[in-house]
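Following: one structure in structure tokens, then a few remarks.
The values are calculated or read from the model by the stated rules, or taken from the named source; none is laboratory data. Source: prediction; values computed, not measured. Using ideal geometry, Cβ is built from the backbone for each residue, glycine included, and neighbour counts are taken over all protein chains shown. When the accessible area is computed, the model is the full protein with side chains, heavy atoms only, and any ligands, DNA or RNA have been set aside. Shrake-Rupley method; radii C 1.70, N 1.55, O 1.52, S 1.80 Å.
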Amino acid sequence: MENTIFELQYALDTFYFLICGALVMWMAAGFAMLESGLVRSKNTTEILTKNVALYAISCTMFFVCGYWVMYGGPDGLHGAVPFLSGITGDGKDLGDTYAPSADFFFQVVFVATAMSIVSGAVAERMKLWAFLAFTVVMTGFIYPMEGSWTWGGNAVFGMYTLGDLGFSDFAGSGIVHMAGASAALAGVLVLGARKGKYGANGSVNAIPGSNLPLATLGMFILWMGWFGFNGGSVLATASVESANSVAVVFMNTNAAAAGGLISALLVARIMFGKADLTMALNGALAGLVAITAEPSTPSALQAALFGGLGGLLVVFSILLLDKLKIDDPVGAISVHGVVGLLGLLLVPFTNDSSSFSGQIIGALTIFIWVFVTSLIVWFALKTVIGIRVSEEEEFEGVDIAECGMEAYPEFTNGK
Amino acid sequence: MENTIFELQYALDTFYFLICGALVMWMAAGFAMLESGLVRSKNTTEILTKNVALYAISCTMFFVCGYWVMYGGPDGLHGAVPFLSGITGDGKDLGDTYAPSADFFFQVVFVATAMSIVSGAVAERMKLWAFLAFTVVMTGFIYPMEGSWTWGGNAVFGMYTLGDLGFSDFAGSGIVHMAGASAALAGVLVLGARKGKYGANGSVNAIPGSNLPLATLGMFILWMGWFGFNGGSVLATASVESANSVAVVFMNTNAAAAGGLISALLVARIMFGKADLTMALNGALAGLVAITAEPSTPSALQAALFGGLGGLLVVFSILLLDKLKIDDPVGAISVHGVVGLLGLLLVPFTNDSSSFSGQIIGALTIFIWVFVTSLIVWFALKTVIGIRVSEEEEFEGVDIAECGMEAYPEFTNGK
Amino acid sequence: MENTIFELQYALDTFYFLICGALVMWMAAGFAMLESGLVRSKNTTEILTKNVALYAISCTMFFVCGYWVMYGGPDGLHGAVPFLSGITGDGKDLGDTYAPSADFFFQVVFVATAMSIVSGAVAERMKLWAFLAFTVVMTGFIYPMEGSWTWGGNAVFGMYTLGDLGFSDFAGSGIVHMAGASAALAGVLVLGARKGKYGANGSVNAIPGSNLPLATLGMFILWMGWFGFNGGSVLATASVESANSVAVVFMNTNAAAAGGLISALLVARIMFGKADLTMALNGALAGLVAITAEPSTPSALQAALFGGLGGLLVVFSILLLDKLKIDDPVGAISVHGVVGLLGLLLVPFTNDSSSFSGQIIGALTIFIWVFVTSLIVWFALKTVIGIRVSEEEEFEGVDIAECGMEAYPEFTNGK
């Protein structure tokens, strides 16, 4: 009897992981739609190709080496057995409380999320194959190393353990989102702005997205997928306590996104006099990033306020980055990086097991590691194969140069 | 042991609520895609903005006051504790059989559905901020009051209790869909038709939607989300009886949508001589609305027939409304209002606990309450801030006037 | 107590079936988006109409007769009781371990998948109503007969039983995908190529898809839905063993799709010198089809390799079919037929209960049955009502001829 109850708990927790993982996988579609809606039509095929390829590469690299780097060697990793040996295994005998493959599946979709963030920021002027080469290093090594210091529990270069310092990042405001944004920032700095984005006289030229329904769809997909992203990070649901926690996480994730959207919409209205749809979309995403570091301890009211703070911050961050001539076509660095940091700093307000100093040290560790290693990789790629398309190709659109096909061959009017 | 079994039931029911809630949240994307596909490209950014903003406002208002209005004061509402206090709580001690936050999450996404219905009907000529102001009142007060008389179980103005009269609305053909349509009808009457829709000589000018793949995607999203909408309304799944009921609801929801689609496709073929895609999409949605009042008692055959009846009715209703010069660009009043009423009237055929008189009294209560209060709010908004854009803005498209950006800046050809 | 544990297992397995079924239903949206993105804009409304209508017809026909044909008469089919009688039934008393209606729901969405495959291959020149007439026969008779010999366990024409011969097809590489492709091949042969596709001098003219973000979205939807397609085919999840199996299936399905995408992207790069997005999309789908015949026994590494083989094969198959002047606008015959066969042949490498001879006999049985019966039906339709639009209608686009409305009335530039 007890055995059967254990079996049911195991089955329910496994199923919960798999469904949450499928929702996170769905976020890959969200990033693809968001980014392809926010770039110009002449650069759409290429950003779609980047998004589908980075997802496939992320899944493969994490499987080949990332998971091992992040969670230790084979000894500490019996969970990894099934996906190498083909033995489905009876995790029970090994002390698991859910299927090892379900854990891997959930983890692997997280890697792809981190990498998706980069693709938007470097849009409209980067070489496709250089980007994919970066993807290999980022998902096979840079992200997993950083993940081993945080969720993996390893000491940073054997020097200090983030958990002991009071660092806490529930579902990855820092570990996933700020990490992705740090790699993106390094890429944008090496790459430079798009031609025509910044005028000689300090003017900033708006380059509107070519397909706002797609961008909106992408935001909705991400919002939906985020229930799996945060909800699955409770790591169990088959008890009253964990079920309550998962439910609170779903509720707060929703409340934070709503708060972020409303706040960005209002702030943009006050500043620009119009209802700015793209700011509203980024506001919702900012709300989601802000709550991701700790969605389980705030009340829904606090979650909505934290999200609202994210929505406020993202508008100013996007404007500031343009002042600094850091050209991020989709606002990814602001949404995931700046607001990711905010998310980390909000944790200690509702979670006593974390501390501000711990959050700051953790944020610095993640940022420095990812930014510096990414910078090295971007420079190496720049030297060896080049990372930027020619000026002519950029003018013509990277779709023809890189992919040989237009995204909308019958619609575009040459603008 | 018994305790553990209780924990598992609690966990499974909670997870089921959360997944169903996530599916209903997804319907917000469905409405956004459906509506943006059915309007002209010059009004697309604005309808997207309305859809994302109304979802965020609905979630926030229901949290701030709607849930309390609908389900009673703090005493009757321990379920509300977690989202205000941040205590995850042990619902078990309070007699709950699933996480209180999961209940809130499921309820909150319903509110947004009701409001989404309004946005389509008033498309292409309403001021954005007037619409959002209406959203605040509708989701914070009008809908919750009506909900308190039905699912909340309160007597209507202390006069009569709908349940006692034999009113039954399983998942909300009336409570959600007809309610949304009633508010929409009031809005359309105050607002008037789009310029150029109706000729002086009684002619009706078709204004085709600008992006039918988007509209089709929206229909599919709604169909999928409806499994959560109806399936979650069983309110439990962790027993043989409730699991069977949820399964029947999924099967019947699917059958009814299929029936509605086929019937609308055939009727339109007979009447217009062509396979009318937009009628087929509205037919599927009509099938879904028709079965929503009672998806658990019909056989699949009955469900398909009920859906087919909905698909038939919606074609004639759309034509009739145009004859009456009630201009509803996406057919929302027909799909959700007229067929919502049909759904209520079909309940007594398969559910003995309901009566025709109860259904009619319930429908009248919902319609009169929502229509009259909405009319008052729309008039008040018209007087205070105005609800209709200028004739010039309408001609130019509300996207530029209200949002300052085009949805497809590179595609449109000025038609 | 034991009774309650049984109830929980029953409830969890039922819920798992329903969620997997909803994911498979979602694949209908995936096919609709994929196909409408890959055809020209003048043929988009019609392919959308075909996709929504075929889903509705499939669901209805399977309910009316297909399920009975596939799984035996009323005696063997107590599971069918609920959807005819309206009795929810207590499946428990009948020895069921999950809700009968959930089984029906899961099965019915599979039928639609098989039929969706056909619609892409015959795009841009077939008459809509002839296609829908074929849909009725395919989903009500051709597919269910073939299904009765495989998943239904019946002897083929009373002559031999495929299972006894060592045939194994876990989730339908052959039973669903190759079957759909066989019907599609018959249709394409009877129908002929699109005007202008093949030049007199043996040249092949590329006809680019009109909306690649839609096609990409379709691929992502299919990828996500496939977790339900393969994952649900384990048929149970409420024990450690079945939960492990479902988890392995999710992991392997993801790995195979990733492998297929990467392999097709690289092969196309080597052959054409560019990153070919449509080949990458078809590569991912080929990876999914390749693993579908056996996603539970390979290791993740094997799954990625099998998927990669599928991605390789699909590129060459698409090129070969064009050499043979078999005009398949979306590559459906290659993705689902050729790679479906590959999937069947890969099973014996990891699953000892299958044999190569069994797989070959099974594949031949499916192909011959579906191809021959389809051919007869296509010819009959050609004779009676005609299956191809006039040359003028094809030039103008089937949207106006068949549906009377353009998909993008404001965008297209007459190309």
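The helices (runs of 4 or more DSSP H) falling completely within the range A:262-367 that include 2 or more residues that are more than 16 Å from the chain's Cα centre (by Cα) and at pLDDT below 95 map to A:300-323. In the range A:323-346, is there at least one residue being within 14 Å of chain B (Cβ to nearest Cβ), in contact (Cβ under 8 Å) with a residue 12 or more places away in the chain and touching a helix residue (DSSP H, G or I) at 6+ places or on another chain (Cβ under 9 Å)? Looking for residues that are within 14 Å of chain B (Cβ to nearest Cβ), in contact (Cβ under 8 Å) with a residue 12 or more places away in the chain and touching a helix residue (DSSP H, G or I) at 6+ places or on another chain (Cβ under 9 Å), one finds at least one in the range A:323-346, hence yes. Assessment of the range C:136-153 against the conditions (open to solvent by 10 Å² or more (accessible area, probe 1.4 Å) and free of Cβ contacts under 8 Å to residues at least 12 places away in the same chain) yields at least one matching residue. Being over 28 Å from C:GLY228 (Cα atoms) and either facing chain C (nearest Cβ under 7 Å) or buried (at least 24 other Cβ atoms within 10 Å of the Cβ) (or both) is true of A:THR44. A:GLY166 meets the conditions (1) at pLDDT 95 or above; (2) under 23 Å from A:ASP328 (Cβ atoms); (3) touching a helix residue (DSSP H, G or I) at 6+ places or on another chain (Cβ under 9 Å) in every case but one. The failed one is (2). In the range B:290-312, the condition of being within 21 Å of C:GLU406 (Cα to Cα), more than 9 Å from chain C (Cβ to nearest Cβ), out of contact with any Cys (no Cβ under 6 Å at 6 or more places or on another chain) and open to solvent by 10 Å² or more (accessible area, probe 1.4 Å) is met by no residue. The single condition among (1) open to solvent by less than 10 Å² (accessible area, probe 1.4 Å); (2) at pLDDT 95 or above that C:VAL111 does not satisfy is (2).
For the range A:368-387, a residue qualifies if it is among the small types (Gly, Ala, Ser) and either without any contact (Cβ under 8 Å) to a residue 40 or more places away in the chain or outside any helix (DSSP H, G or I) (or both), and the qualifying residues are A:ALA380, A:GLY386. Say whether the condition of being more than 26 Å from B:GLY209 (Cα to Cα), more than 14 Å from chain A (Cβ to nearest Cβ), in contact (Cβ under 8 Å) with a residue 60 or more places away in the chain and open to solvent by 90 Å² or more (accessible area, probe 1.4 Å) is met by at least one residue in the range B:388-403. Checked the range B:388-403: no residue is more than 26 Å from B:GLY209 (Cα to Cα), more than 14 Å from chain A (Cβ to nearest Cβ), in contact (Cβ under 8 Å) with a residue 60 or more places away in the chain and open to solvent by 90 Å² or more (accessible area, probe 1.4 Å).
Taking C:SER85 as the residue in question, decide whether it is at pLDDT 90 or above and either within 11 Å of chain B (Cβ to nearest Cβ) or in contact with a helix residue (DSSP H, G or I) (Cβ under 6 Å, 6 or more places away or on another chain) (or both). Against the criterion (at pLDDT 90 or above and either within 11 Å of chain B (Cβ to nearest Cβ) or in contact with a helix residue (DSSP H, G or I) (Cβ under 6 Å, 6 or more places away or on another chain) (or both)), C:SER85 does not qualify. Among the residues of the range A:292-315, are any closer than 21 Å to B:THR45 by Cα and not hydrophobic (A, V, I, L, M, F, W, C)? Yes, that holds for at least one residue.
To keep it simple, each residue is scored yes or no on (1) within 21 Å of A:ASP164 (Cα to Cα); (2) among the aliphatic types (A, V, I, L, M).
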| residue | (1), (2) |
| --- | --- |
| A:THR350 | yes, no |
| A:SER357 | yes, no |
| A:THR373 | no, no |
| A:VAL377 | no, yes |
| A:ALA380 | no, yes |
| A:VAL384 | no, yes |
| A:ILE400 | no, yes |
| A:GLY404 | no, no |
| A:TYR408 | no, no |
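Residues checked against (1) in contact with a helix residue (DSSP H, G or I) (Cβ under 8 Å, 6 or more places away or on another chain); (2) part of a helix (DSSP H, G or I); (3) surrounded by 24 or more Cβ atoms within 10 Å (Cβ to Cβ):
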| position | (1), (2), (3) |
| --- | --- |
| A:ASN3 | no, yes, no |
| A:GLU7 | yes, yes, no |
| A:THR14 | yes, yes, yes |
| A:PHE17 | yes, yes, yes |
| A:VAL24 | yes, yes, yes |
| A:LEU34 | yes, yes, yes |
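Candidates A:SER233, A:SER182: the one that is among the small types (Gly, Ala, Ser), open to solvent by 10 Å² or more (accessible area, probe 1.4 Å) and either under 23 Å from the mean Cα position of the chain (by Cα) or within 23 Å of A:ALA332 (Cβ to Cβ) (or both) is A:SER233. Restricted to the range B:205-230, and to residues there that are open to solvent by 20 Å² or more (accessible area, probe 1.4 Å) and either without any contact (Cβ under 8 Å) to a residue 60 or more places away in the chain or within 7 Å of chain C (Cβ to nearest Cβ) (or both), the residue that is nearest to the chain's Cα centre (by Cα) is B:PRO208.
Selection of the range C:261-289 for residues being facing chain A (nearest Cβ under 8 Å) and under 24 Å from C:VAL176 (Cα atoms) yields C:LEU261, C:THR278, C:ALA280, C:LEU281, C:ALA284. Looking only at the range C:114-131, count every residue that is assigned to a helix (DSSP H, G or I) and open to solvent by 10 Å² or more (accessible area, probe 1.4 Å) and tell me the total. Qualifying residue count for the region: 1. Filtered by the rule that a residue be open to solvent by less than 20 Å² (accessible area, probe 1.4 Å) and outside any helix (DSSP H, G or I), the range A:185-204 gives A:ARG194, A:LYS197, A:GLY199.
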